[in-house]
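Accompanying notes for the structure given below.
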Amino acid sequence: MRWWDIDRVLELERDLFPEDAWSRGMFWSELAHARGPEATRRYVVALEDDRIAGYAGLAAQGELGDIQTIAVRRDQWGTGLGGELLTELLRAATAFECAEVMLECRVDNIRAQKLYERFGFEPIGFRRGYYQPGNVDALVMRLTDPSSSVQGTEING
């Protein structure tokens, strides 16, 4: 993801997460940490005919990676794109030498929870009222050894 992707990413962000969409400034802030030798972020976009089909981001600090966001356009649900984006983030976590990766997922987002479980994430707790303003709880999930979840996988394109 680069700065020129932000407007198109925001369109998808607002469609998928209308109550708790990220702002332009939040994406700019994340991308500011995604380049150069001191980079601690990895943000990617998936394109289909020059349209954003999905995007994802990871923050790394020491041995801990944190999946910040994964979003897939509704007409791409069930195509495997979410798994491809997650695989790319886990590769980044491995490159950042993260020993484990954490994430928060809305408790009502069963589709995402199943994706994360397929990759070996396990639920470890809840964050009450995490998603605002809707006051929706988050399920906290953890993956130990992200490198083992991406061995032998290949992303085309």
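The values are calculated or read from the model by the stated rules, or taken from the named source; none is laboratory data. Bear in mind that the values here come from a model prediction, so they are computed numbers and not experimental data. Here the Cβ is made from the backbone with ideal geometry for all residues, glycine too, and neighbour counts use every protein chain on show. Side chains are part of the model used for accessible areas, which takes the heavy atoms of the whole protein and leaves out ligands, DNA and RNA. Shrake-Rupley method; radii C 1.70, N 1.55, O 1.52, S 1.80 Å.
The figures follow:
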quantity	calculated
Subset of the range 16-45 [in contact (Cβ under 8 Å) with a residue 40 or more places away in the chain and of a type in the set (A, V, I, L, M, F, W, C)]	Leu16, Phe17, Trp22, Val44, Val45
Of the criteria (1) of a type outside the set (Ser, Thr, Tyr); (2) buried (at least 19 other Cβ atoms within 10 Å of the Cβ); (3) more than 30 Å from Asp50 (Cβ to Cβ), which one Arg142 fails	(2)
Matching residues, the range 1-49, being closer than 26 Å to Asp108 by Cβ and in contact with a Lys or Arg (Cβ under 7 Å, 6 or more places away or on another chain)	Leu10, Leu12, Ala21, Glu30
Residues that are of a type in the set (D, E, K, R), under 23 Å from Tyr131 (Cβ atoms) and either in a helix (DSSP H, G or I) or open to solvent by 70 Å² or more (accessible area, probe 1.4 Å) (or both), drawn from the range 9-38	Glu11, Glu13, Arg14, Asp15, Glu19, Arg24, Glu30
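Yes/no per residue for (1) in contact with a His (Cβ under 6 Å, 6 or more places away or on another chain); (2) at pLDDT 95 or above; (3) of a type in the set (Gly, Ala, Ser):
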| site | (1), (2), (3) |
| --- | --- |
| Arg35 | no, no, no |
| Tyr43 | no, yes, no |
| Asp50 | no, no, no |
| Ala53 | no, yes, yes |
| Leu58 | no, yes, no |
| Leu103 | no, yes, no |
